[in-house]
1. So which of 185, 167, 171, 160 ends up being part of a helix (DSSP H, G or I), in contact with a helix residue (DSSP H, G or I) (Cβ under 9 Å, 6 or more places away or on another chain), without any contact (Cβ under 8 Å) to a residue 24 or more places away in the chain and closer than 22 Å to residue 68 by Cα?
2. Of all residues being assigned to a loop (DSSP other than H, G, I, E, B) and touching a residue at least 60 places away in the same chain (Cβ under 8 Å) in the stretch 193-207, which is surrounded by the fewest Cβ atoms within 10 Å (Cβ to Cβ)? Just the residue, please.
3. Answer yes or no as to whether residue 24 is closer than 30 Å to residue 237 by Cβ, surrounded by 19 or more Cβ atoms within 10 Å (Cβ to Cβ) and over 17 Å from the mean Cα position of the chain (by Cα).
4. Enumerate the pairs (first residue in the stretch 267-282 and crowded, with 23+ Cβ neighbours inside 10 Å; second residue anywhere and at pLDDT below 95 and not in a helix (DSSP H, G or I)) with beta-carbon separation below 9 Å, excluding pairs fewer than 6 apart on the same chain, so at least 6 apart or on different chains.
5. Which one of 231, 225 is surrounded by fewer than 20 Cβ atoms within 10 Å (Cβ to Cβ), out of contact with any strand residue (DSSP E or B) (no Cβ under 8 Å at 6 or more places or on another chain), modelled with pLDDT of 95 or more and within 25 Å of residue 144 (Cβ to Cβ)?
6. So residue 206 passes all but one of these: (1) under 23 Å from residue 14 (Cβ atoms); (2) in contact with a helix residue (DSSP H, G or I) (Cβ under 9 Å, 6 or more places away or on another chain). Which condition number does it fail?
């Protein structure tokens, strides 16, 4: 019989996956299926024209490193890190998170239609762009890296990974490639797959395997949660302000209104990245098994990783 701690961890991973999937469904329904959601997305995307000349260069740089080749290389490196640490199952799970996230994004993008309800100012039959493929690539690599890193480096990796995923998501908006909901949905897809991967790690434990935390990072976790909640609150406030002008012609909106919508959407993307990474970091401290020995870790650090 499994220990009570392992059972609770498994239930938590299952609930986390279900919650992130449900959040994805809400984002899809509101911003793809409803007129108001589509309109809020359109205003935010239009707002990217403010300062776009200055933002396009950095955005292009961030997006330029995201490609099929870079994804394959990153996946190989992540799998290699896990294997040199003697973690075969972890290598399979981490690479599975990357593959599952990106395959899911591509399937949803092309299998789900975006209804035309008179919002798009240019295209009467706009194609579905949710979730964002570039954001999925960046976030899945960041999350998988956090899973395979030694415990001593996991907190720093989570902070850097959340920043990278947020930068990629905001860059797709700044470049005009994606609506803000596309990036948010991509982050939720990755979070769902990460939760599923950690559930698999939990279920693969031996029934008599003692549940030992493989590392705590309270400072990194607190920073991610505080930043995420604050950014999401700012995004909610900006959305409430923008909602006051829904229905007006885009050309009638002031630059201030457009900037508020754009900046609020960027905050929502970054906040989602931070909260998602915080959930992964907090759960990984228990789901990723601690090494059996206390000797040096081949990947660096001590046997607590």
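The values are calculated or read from the model by the stated rules, or taken from the named source; none is laboratory data. Worth saying up front: this structure is predicted, and the values here are computed from it rather than measured. With ideal geometry, Cβ positions are generated from the backbone for all residues, glycine too; neighbour counts draw on all protein chains shown.
1. Being part of a helix (DSSP H, G or I), in contact with a helix residue (DSSP H, G or I) (Cβ under 9 Å, 6 or more places away or on another chain), without any contact (Cβ under 8 Å) to a residue 24 or more places away in the chain and closer than 22 Å to residue 68 by Cα holds for just one of 185, 167, 171, 160, which is 160.
2. Within the stretch 193-207, the match that is surrounded by the fewest Cβ atoms within 10 Å (Cβ to Cβ) is 207.
3. Spelling it out, it is not the case that residue 24 is closer than 30 Å to residue 237 by Cβ, surrounded by 19 or more Cβ atoms within 10 Å (Cβ to Cβ) and over 17 Å from the mean Cα position of the chain (by Cα).
4. 281/217
5. 225
6. Failing condition for residue 206: (2).
Conditions tested, residue by residue: (1) closer than 26 Å to residue 224 by Cα; (2) modelled with pLDDT of 95 or more; (3) under 21 Å from the mean Cα position of the chain (by Cα); (4) crowded, with 18+ Cβ neighbours inside 10 Å.
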{"position": "53", "(1), (2), (3), (4)": "no, no, no, no"}
{"position": "59", "(1), (2), (3), (4)": "yes, no, yes, yes"}
{"position": "66", "(1), (2), (3), (4)": "yes, no, yes, yes"}
{"position": "72", "(1), (2), (3), (4)": "no, no, yes, no"}
{"position": "79", "(1), (2), (3), (4)": "yes, yes, yes, yes"}
{"position": "143", "(1), (2), (3), (4)": "yes, yes, yes, yes"}
